[in-house]
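Please read the structure below before turning to the comments.
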Amino acid sequence: MPAMIRNLQYAVRQFIKSPVFTLTAALTLALGIGANTAIFTVVYATLLAPMPYPEPDQLVMVWSKIQGFHNGIAAQDYLDWKSQSTSFQDLTAFTGGQFNLATKDQPEYLQGQETTPGMYRMLGAPFRFGRDFLPEEGVAGKDHVVILLNKLWKRLGSDPNIIGKQVQIDGAAYTVVGVLGPGQSDRLQQWLIVPLVFKPEQKNHDFHWLLVMGRLKPGVSIKQAQAEMDRVTDNIARANPKSNKGWGAFVEPLKNDFLPKELIQMLWMLLGAVGFVLLIACVNVANLVLAKGMTRQKEVAIRTSVGASRGGIFTQFLIENLVLALLGGVLGVGMGYALLRWLIASMPQYTLPSEADLSLNVPILLFTFGTTALAGVLFGCAPAWFAMRIDPADALKEGGRSGMGAGRHRLRKILVIGEFALALTLLAGAGLAIHSFLNLTRVDLGVKTDHVLTWGMPVPDTRPKDPALIRTYYQQLLTSLQSVPGVLGASVSTGLPMEGAGFGMPFMIDGQAEYADPSQRPNTQFGMVTADYFRTYGIEIVKGRPLTDQDQATSVKVAVVNEEFVKKYFKDKNPLDQRIKVEELIPGVTKLGPYISWQIVGVYHNVRSFGFREDYPEMLIPFWQSPWNRANIGVRTAGDPEAMTRTVTAAVHAVDPQIGLAEPRTLDEVRSLSLAGDRFMMSLFVAFAVLALLLASVGIYGVMGFTVAQREHELGLRMALGASRGRVVKLVLKEAMVLASVGLGLGLIGAYFVGRAMKTLLFGVSSLDFTAIGAVALVLLGAALFASWVPARRAAGVEPMHALRIE
């Protein structure tokens, strides 16, 4: 122990004597460690950390499953699961909701949640005030109670006595029975929770609209629960073959809930990217330590001559490097915290699940400590090994040059080659992300996004659902909007371009035999639109005719389909000769009605939905022939659409003063939000790639600068014998370009594997995209050339006689 303390004291003295070296090395390490700390915090919180609930391993999501895909759950399926299963302590159902909260100025739209009683009690969620819903509050007539999220309680004035008071929601009085505690729930999109009450017509097996969460009984495994649910769904299918044949259930841990595979892959890719940054930082510090070690050869030789063992020398140098790594780790925690704050601020909203707590905690700090120790070993072993092998006699000679000097120089060159290989691998990932993002921005969306304002109409479920009343309501709304100066057109639709048509529906082609197994029917995006929909959004009709104002309730049932629908289902047929049968959607009823046959009268250009990567089959019918109580509104304006939000809001309130416009956005904003995830991924890869580029440039600058200093005598001799300054510059630059080129060659292998790993995240880019990789290779070569230029100029400035006198 005393020897260890002496080594630590000696290391600290060495660093105090060389403050510039110490600060440079520590900051270089801090960059790599900080980036790893920030990204690992996101990965840990999202993928690795236990859920922030009591006994989280017991919590599961239970899905309906058909043709291998997860789906929502029908209300009667949920009720049957609950009554027939024994694996769960409780099963709760929930769904999203849209609500209008009365305020002093005008109604405010809020997203909320409807849950069966006991969900938050099952989760063990903390309440700031009050309680969860009681079982009897899940019954019609006793359900006008509400739980507020902490963020809504604050917005309403932070009243500590709010329990028992009433708020006006959708024109009715709701009694506040609880306020959730701060933290995880505040990261939800929802603002309030009301009881989920099943109306008699909702208790069917046909309409899949619920999500189901459960808590397993102690000792019951997911495998056992899955086996039981397989038996339960088989029994339900035998009793209800028309609605449930082909349907099963899937039980999965709650920690995997709602996470797209692309997001999981992106997070692991980012962790790999910052790992490369740390490796490059370690290489740079190893080069600095090697250079520093060259100036300490006599010191090591003297210590060896007076009895220090080679093992002692190795230990001393390794401890110095670990202390340096520890300093870099401390600074790295600070940089990691700052980078994490930036990530949280720039990350698209609701990218991560609400359970992801992005804070520096004990597991994160342990990871940082481990990363720091690993960094110290990575960059510290080689310098310590070289120090141990120094020949004292050779090192003590005046001006003596040991073979170790040449060996160290070779090692530094190898490290720079590795650094450039790693940098190219990381830059290739950034290049692929940029190329993919540029491809996405050039996709033909099938719509004109300029001068369009959109919003949703969160019409309360308590409103009448009579089709005639719905038609009158939206006709009055369109008339009011079209009278606003600057509005060129307005439309009503169940969906929005770039966000889907509204429903996913199975269908049959009229004239074909019915499917023995209904679950095998083809599917399409299905929506209702008014006639101005195509003009408002600039959608082109490529065959036949659009829907018109003459397509009314009493007219022939007509539909238009997109090009992808024709391509997938009518390859060699004229679509205008076809009729499509779809089960009726009845406003306010969560049950499908009888089949309705729709005559196809037109084909429209594909409109991208659910991201920009692929087309989906889509079918649109006249809104007046099948009205729906909740819809989206789009208006095309002559001027800035965002500037007209206030005037169109007034036009809506002139018809319905109780409605708050849901998420008014321009269509350009919808487009930008659709690209937000890809833009964020690209930004992160570019940020870390730029960091890698800077570190690699510093690395080659350091090596070439040291090389010039070591070769000052040789270069002076060359110029004394007639070499021009330009030739000396070429000599130094050539050596730098050789190192960079070899590194780039090796980096192509890494670039190929990075491309393969990123393939599912990219759009229109191959695994080995020569455009992207060629561009980043040129950037790296340019950086290497620039970083070598200063040492090359310094070499050319050597005075031959001065260099020879020094030697």
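The values are calculated or read from the model by the stated rules, or taken from the named source; none is laboratory data. In this text, all values refer to a predicted model and were calculated from it rather than measured experimentally. Positions of Cβ are generated from backbone atoms using ideal geometry, with glycine treated the same way; all protein chains shown enter the neighbour counts. The accessibility values were calculated without ligands, DNA or RNA, using every heavy atom of the protein model including side chains. Shrake-Rupley method; radii C 1.70, N 1.55, O 1.52, S 1.80 Å.
Of all residues in the stretch 177-191, those that are closer than 25 Å to ALA74 by Cβ and surrounded by 15 or more Cβ atoms within 10 Å (Cβ to Cβ) total 2. Selection of the stretch 66-96 for residues being modelled with pLDDT of 90 or more and assigned to a strand (DSSP E or B) yields ILE73, ALA74, PHE88, GLN89, ASP90, LEU91, THR92, ALA93, PHE94, THR95, GLY96. Selection within the stretch 560-590: residues that are in contact with a Lys or Arg (Cβ under 9 Å, 6 or more places away or on another chain) and closer than 27 Å to LEU469 by Cβ. The member of this set that is most open to solvent (accessible area, probe 1.4 Å) is ILE586.
Across the stretch 321-367, the qualifying residues are those that are charged (D, E, K, R) and more than 15 Å from GLY34 (Cα to Cα), and the one among them that is most open to solvent (accessible area, probe 1.4 Å) is ASP357.
Restricting the search to strands (runs of 3 or more DSSP E) fully inside the stretch 507-597 and requiring at least 2 residues that are within 23 Å of ASN240 (Cβ to Cβ) gives 579-585. With the structure loaded, tell me whether PHE99 is out of contact with any Phe, Trp or Tyr (no Cβ under 8 Å at 6 or more places or on another chain) and surrounded by 21 or more Cβ atoms within 10 Å (Cβ to Cβ) or whether it fails that test. Criteria not met by PHE99. Scanning the stretch 157-209 for residues that are assigned to a strand (DSSP E or B), within 30 Å of ALA239 (Cβ to Cβ) and modelled with pLDDT under 95 yields a total of 2. For the stretch 749-774, a residue qualifies if it is under 16 Å from ALA689 (Cα atoms) and crowded, with 16+ Cβ neighbours inside 10 Å, and the qualifying residues are GLY750, ALA751, VAL754, GLY755, MET758, ALA772, ILE773. Where helices (runs of 4 or more DSSP H) fall wholly inside the stretch 635-743, the ranges with 2 or more residues that are at pLDDT 80 or above are 645-655, 667-674, 676-710.
The C-beta contact set for the stretch 272-283 (first residue closer than 15 Å to GLY336 by Cα and assigned to a helix (DSSP H, G or I), second residue of a type in the set (Asp, Glu) and open to solvent by less than 10 Å² (accessible area, probe 1.4 Å), distance under 9 angstrom, 6+ apart or interchain) is empty. Restricting the search to the stretch 602-658, which residues are open to solvent by 20 Å² or more (accessible area, probe 1.4 Å), closer than 25 Å to SER555 by Cα and among the polar types (S, T, N, Q)? Within the stretch 602-658, ASN632 is the sole residue that qualifies. When residues in the stretch 244-261 are screened for being at pLDDT below 90, under 16 Å from ARG215 (Cα atoms) and open to solvent by 40 Å² or more (accessible area, probe 1.4 Å), 2 of them pass. Would a scan of the stretch 12-33 turn up a residue that is under 34 Å from the mean Cα position of the chain (by Cα), within 28 Å of VAL330 (Cα to Cα) and not in a helix (DSSP H, G or I)? The answer is no, given that none of the residues of the stretch 12-33 is under 34 Å from the mean Cα position of the chain (by Cα), within 28 Å of VAL330 (Cα to Cα) and not in a helix (DSSP H, G or I). Taken together, THR449, THR441, THR454 contain a single residue that is more than 26 Å from GLN599 (Cα to Cα), within 37 Å of the chain's Cα centre (by Cα) and at pLDDT below 90, which is THR441.
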